[in-house]
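All remarks here apply to the structure that follows.
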């Protein structure tokens, strides 16, 4: 997923929220557009880091290729995803 697709997802969510917000008026989530951009860029960077780490993790690849899982494998999976 690239940055443009990631930001488009935010736009779609925002457009869905606007239709609902017409019925119920609520406080803005972000103080300014700059704050919104910074927070979204931060989330995108965090997503990219997690994606990179999960793709490069040998432990995770080994687990995903394994056919029979036991409880230790499940715990190992949760540990690698944290």
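Some notes on this structure:
- Exclusive hit being modelled with pLDDT under 85, part of a helix (DSSP H, G or I) and surrounded by 12 or more Cβ atoms within 10 Å (Cβ to Cβ), set 64, 38, 60, 78: 60
- Among the residues examined, residue 10 does not qualify as in contact with a helix residue (DSSP H, G or I) (Cβ under 7 Å, 6 or more places away or on another chain), at pLDDT 85 or above and within 30 Å of residue 55 (Cα to Cα).
The values are calculated or read from the model by the stated rules, or taken from the named source; none is laboratory data. Just so it is clear, the structure is predicted and the values come from calculations on it, not from any experiment. Reconstructed Cβ throughout: ideal geometry from the backbone, glycine too, with neighbour counts over all protein chains shown.
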